[in-house]
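Asks: Starting off with a structure, shown below.
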Number of protein chains: 4
Amino acid sequence: MAKPKGRKKGSDEKPKLLRRGPDRRRQIVAAASQLFARKGFEGTSIREIAAASGVLSGSLYYHFPSKEDLLFTVHQESLTAMRREVEAAIADVTEPWARLEEAIVAHCRILLGGSVTRAILTPPRYYNLQGVRKLVRQRDEYERIFARLIDDLPLKADCDRHAFRLSMLGAMNWTVFWFSAGGRLSVDDVGRQIALMVRGAALERPRK
Amino acid sequence: MAKPKGRKKGSDEKPKLLRRGPDRRRQIVAAASQLFARKGFEGTSIREIAAASGVLSGSLYYHFPSKEDLLFTVHQESLTAMRREVEAAIADVTEPWARLEEAIVAHCRILLGGSVTRAILTPPRYYNLQGVRKLVRQRDEYERIFARLIDDLPLKADCDRHAFRLSMLGAMNWTVFWFSAGGRLSVDDVGRQIALMVRGAALERPRK
Amino acid sequence: MAKPKGRKKGSDEKPKLLRRGPDRRRQIVAAASQLFARKGFEGTSIREIAAASGVLSGSLYYHFPSKEDLLFTVHQESLTAMRREVEAAIADVTEPWARLEEAIVAHCRILLGGSVTRAILTPPRYYNLQGVRKLVRQRDEYERIFARLIDDLPLKADCDRHAFRLSMLGAMNWTVFWFSAGGRLSVDDVGRQIALMVRGAALERPRK
Amino acid sequence: MAKPKGRKKGSDEKPKLLRRGPDRRRQIVAAASQLFARKGFEGTSIREIAAASGVLSGSLYYHFPSKEDLLFTVHQESLTAMRREVEAAIADVTEPWARLEEAIVAHCRILLGGSVTRAILTPPRYYNLQGVRKLVRQRDEYERIFARLIDDLPLKADCDRHAFRLSMLGAMNWTVFWFSAGGRLSVDDVGRQIALMVRGAALERPRK
DNA sequence: TATGAATGAGTCTTCATTCAT
DNA sequence: CATGAATGAAGACTCATTCAT
């Protein structure tokens, strides 16, 4: 955008000194993660990421060959973390609906938890990037966890499990747009509420 | 000197696709609508919108003073259309769950229908635009329709109606990312499926 | 400039209805005159001139083939008016210094008088326009009036009449940058003061 | 992808004219200075300034956040230099008229000297810039030097010292429009002639 | 490893200009 | 005569990227 928004003093502003070493990489990924999630891929500039990571823009290119690659890394690491979290959450649970609930809660927890990893879940099929396939494959693989959980669910005959999964994920992912920490609901509450909502499609529900 | 090269001097042949007049404005809004929805505000360039509208980039500025203003217009017109559609859909329905279902279907229909209007429902609180407040107000007003519908619903005591609404809207809005016309599910099917999913939070459901 | 300054409603704003006919041309010249003088040639847009003249931008091209031509016309008419004024002012005066004083006052009067004509006296040799020569010739011809007046002056031997003329014109023309109507000094006062200065404002001078 | 094509991979040959480092900044200011003075602020494009500085247009923004800021810098540095020069010139002079003469000569010298600094003295009140106040304040402060010099002058009772100062500055500043190096008059000659004029170039004056 | 400085394509926007109606 | 709508080049500014030091 060609908008002169404010007066800046210099271009590459001296960042506050942070720890260096292999932490750097993680810091950059974390910063990029947050910024991509908040402002989108094209809405985030390399310089912003650099500033938030405590380096200058040029230095990023030592760690990542391109902005796109950074996105891939962020995506991958986020998905890896989410899978780990989700799988751990359902490991000891057996009842199908309970398993789904725990998965949902775990997903929301890491998504909203302000953790280093904050996935860009907006299906990147719309980005005109070259390596999108890789991203899509990663994401699909992650979502397959939920597909399996849903397969195990006793659902009404007219319920389409494909639509069910995507709608549910929509409800979960959309939370990044409205959840605000410090509000009435905790991160876990949000997950529980979605689980509660979603459970309605069950073929039958135990009478209370 | 600015010599228009693209205009042909042909005698009586009217330009076919690119009708002028107030249609232009609508065309531009439609194109912008689609592109904003697909690629995001910053991911869409004025030139793309112009090309999709059959004009050159400079011409947009005859109709809209800025890209931001175009976004506002798109937003406003989309929301207006959606409200009209949704209100019409529920006008003759009285049973609370049925009302909600019709509203959901109407929302999805216009969202996915390839119609001129395709709302950008991503809460724009993340854009660093100046006039975002206006957008947010518009959207909140629209969403209040759903708030009222949900108020009329008999829901379990532990169901938070606020979270319910936002999660449901998330499920609905997220469809723009995965729905593909020509697939197994029709636009209306998608809406029905979401209604089906969401209905689960009912305090009690008639035994079948 | 690519600065989004404010939000505009439309591009070509409906101007208030003004009288048409041959007045139009004069109106346009007058408006252009003022704007060029205030904001410079490149700082003034055709649309501004149009708006100030009560027409839309396209209509200007009926009267003038180009912005440049409009500048030429403004220039010419201004100089013609100034010459007329100046020559009238000195017609009945004979004493050389008095003649110069009247010329200066007349020059300033028309320059500052808010009259329709307000010359752009900034030597246009700096514009990279094609027809600048014409402008320069016109201006030089006008300034020759002052050259002749100065020739008749009894000046010190070490006074360079060329530098004298140009410096004096500089003092006169620069007034457009600082004179403000309604201030302590009237338009005529300004002229008189300049005349006083060039004549020697010193209270007393040591006899040589 | 932005591949720098203009850089050569030559081994030991240093770029000749285009030295980097803090010189760049000075070069840019110098180039902008000249161009602004000659063609005006809006008449000068960033690309021109860049070309004259030996860089590409984008590079300017590493050094200056905006064209406006560049103008401010040019203005400030020019005025600072002029004040220094002028104050040095009058330091050892005591007689009021002689002091004024030296100040005028110094002002013209630096204005016309082709030095790095060439002030834009055109009162920028007409620019529609945001920070004009700053510029005006800077300039007013500089001109106060002359106000004080004039205060010390024994002037006729009917001479308005305010108008005197502004007219004199007009004569001085206007020189940038007509002075051409290599002509009959040197830079210093121009200053002396103006001093002569304002002092009263009349050969003799009728005794009152 | 990190940085300062540069690059150049691309962004939004303006504007002189054209012309069918 | 005037307008509405369009044009396309140019303007200021941004940004991913490069690379010598």
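The values are calculated or read from the model by the stated rules, or taken from the named source; none is laboratory data. What you see is a predicted model; the values in this text were computed from it and never measured. Here Cβ is always computed from backbone atoms with ideal geometry, including for glycine, and neighbour counts include all displayed protein chains. The area values use the complete protein model at the heavy-atom level, side chains included, leaving out ligands, DNA and RNA. Shrake-Rupley method; radii C 1.70, N 1.55, O 1.52, S 1.80 Å.
Asks: What number of residues within the range D:168-191 satisfy the criterion of being touching a residue at least 60 places away in the same chain (Cβ under 8 Å) and touching an Asp or Glu at 6+ places or on another chain (Cβ under 7 Å)?
Replies: Residues meeting the conditions: 0.
Asks: Select from the range C:170-202 the residues that are open to solvent by less than 20 Å² (accessible area, probe 1.4 Å) and more than 7 Å from chain D (Cβ to nearest Cβ) and write down the one among them that is nearest to C:ARG99 (Cα to Cα). Explain how you work it out, then say what you get.
Replies: First, the residues of the range C:170-202 that are open to solvent by less than 20 Å² (accessible area, probe 1.4 Å): C:170-175, C:190-191, C:194-195, C:197-198, C:200-202.
Within this subset, residues satisfying the condition of being more than 7 Å from chain D (Cβ to nearest Cβ) are C:172, C:191, C:195.
Numbers: C:MET172: 16, C:GLY191: 13, C:ALA195: 10 Å.
Across the range C:170-202, the extreme among qualifying residues is C:ALA195.
Asks: I'd like to verify a number: residues in the range B:49-76 that are part of a helix (DSSP H, G or I), touching a Lys or Arg at 6+ places or on another chain (Cβ under 9 Å) and more than 15 Å from B:VAL136 (Cα to Cα), how many?
Replies: Total meeting the criteria: 7.
Asks: Oh, and also: For residues that are within 14 Å of another protein chain (Cβ to nearest Cβ) and within 15 Å of DNA strand F (Cβ to nearest atom), scanning just the range C:63-76, find the one that is surrounded by the fewest Cβ atoms within 10 Å (Cβ to Cβ).
Replies: Checking each candidate, the answer is C:PRO65.
Asks: Does the range B:79-93 contain at least one residue that is at pLDDT below 90 and β-branched (Val, Ile, Thr)?
Replies: Looking for residues that are at pLDDT below 90 and β-branched (Val, Ile, Thr), one finds at least one in the range B:79-93, hence yes.
Asks: Let me ask something additional. State whether the residues of the range B:128-145 include one that is within 13 Å of chain A (Cβ to nearest Cβ), crowded, with 19+ Cβ neighbours inside 10 Å and modelled with pLDDT of 80 or more.
Replies: Yes, because at least one residue in the range B:128-145 is within 13 Å of chain A (Cβ to nearest Cβ), crowded, with 19+ Cβ neighbours inside 10 Å and modelled with pLDDT of 80 or more.
Asks: Let me ask something else about it. State all residues of the range B:99-127 that are modelled with pLDDT of 60 or more and among the charged types (D, E, K, R); if no residue qualifies, say none.
Replies: Selection gives B:ARG99, B:GLU101, B:GLU102, B:ARG109.
Asks: Quick check on the range B:30-48. Is at least one of its residues at pLDDT 50 or above, over 30 Å from A:PHE36 (Cβ atoms) and in a helix (DSSP H, G or I)? Write out each step before concluding.
Replies: Residues of the range B:30-48 that are at pLDDT 50 or above, as a first pass: B:30-48.
With the extra rule that they be over 30 Å from A:PHE36 (Cβ atoms), the set shrinks to none.
So far as the range B:30-48 goes, no, none of its residues is at pLDDT 50 or above, over 30 Å from A:PHE36 (Cβ atoms) and in a helix (DSSP H, G or I).
Asks: Let me ask another. Just to be sure before I move on: is A:SER57 polar (S, T, N, Q) and within 16 Å of DNA strand E (Cβ to nearest atom) in the structure I sent?
Replies: Yes; evaluated as a whole, the condition is true for this residue.
Asks: Could you give every pair whose Cβ atoms fall below 7 Å, whose first residue belongs to the range A:45-57 and is more than 14 Å from every other protein chain (Cβ to nearest Cβ), and whose second residue is within 10 Å of DNA strand E (Cβ to nearest atom) and of a type in the set (Ser, Thr, Tyr), counting only separations of at least 6 or pairs across chains?
Replies: Within 7 Å, the pairs are A:ALA50/A:SER57; A:ALA50/A:SER59.
Asks: Same structure, new question: Just the residues that are over 17 Å from D:ARG26 (Cβ atoms), more than 7 Å from DNA strand F (Cβ to nearest atom) and loosely packed, with under 15 Cβ neighbours inside 10 Å, please, taken from the range D:43-62.
Replies: Answer for the range D:43-62, where residues must be over 17 Å from D:ARG26 (Cβ atoms), more than 7 Å from DNA strand F (Cβ to nearest atom) and loosely packed, with under 15 Cβ neighbours inside 10 Å: just D:LEU56.
Asks: Just need a number here: residues in the range C:146-157 that are free of Cβ contacts under 8 Å to residues at least 24 places away in the same chain, more than 10 Å from every other protein chain (Cβ to nearest Cβ) and charged (D, E, K, R). Give the derivation first.
Replies: Step one: filter the range C:146-157 for residues free of Cβ contacts under 8 Å to residues at least 24 places away in the same chain, giving C:147-148, C:151, C:155-157.
Now drop any that are not more than 10 Å from every other protein chain (Cβ to nearest Cβ), which leaves C:147-148, C:151.
Keeping just the survivors that are charged (D, E, K, R) gives C:148, C:151.
Adding up the residues that qualify gives 2.
Asks: Of the numbered conditions (1) touching a residue at least 40 places away in the same chain (Cβ under 8 Å); (2) under 16 Å from the mean Cα position of the chain (by Cα), C:ARG84 satisfies every one except a single condition; which is it?
Replies: (1)
Asks: Also: Looking only at the range C:158-168, decide whether some residue is in a helix (DSSP H, G or I), more than 12 Å from chain D (Cβ to nearest Cβ) and open to solvent by 10 Å² or more (accessible area, probe 1.4 Å).
Replies: No, because not a single residue in the range C:158-168 is in a helix (DSSP H, G or I), more than 12 Å from chain D (Cβ to nearest Cβ) and open to solvent by 10 Å² or more (accessible area, probe 1.4 Å).
Asks: Please specify each residue of the range A:77-95 satisfying the condition of being surrounded by fewer than 16 Cβ atoms within 10 Å (Cβ to Cβ) and part of a helix (DSSP H, G or I).
Replies: A:THR80, A:ARG84, A:GLU87, A:ALA88
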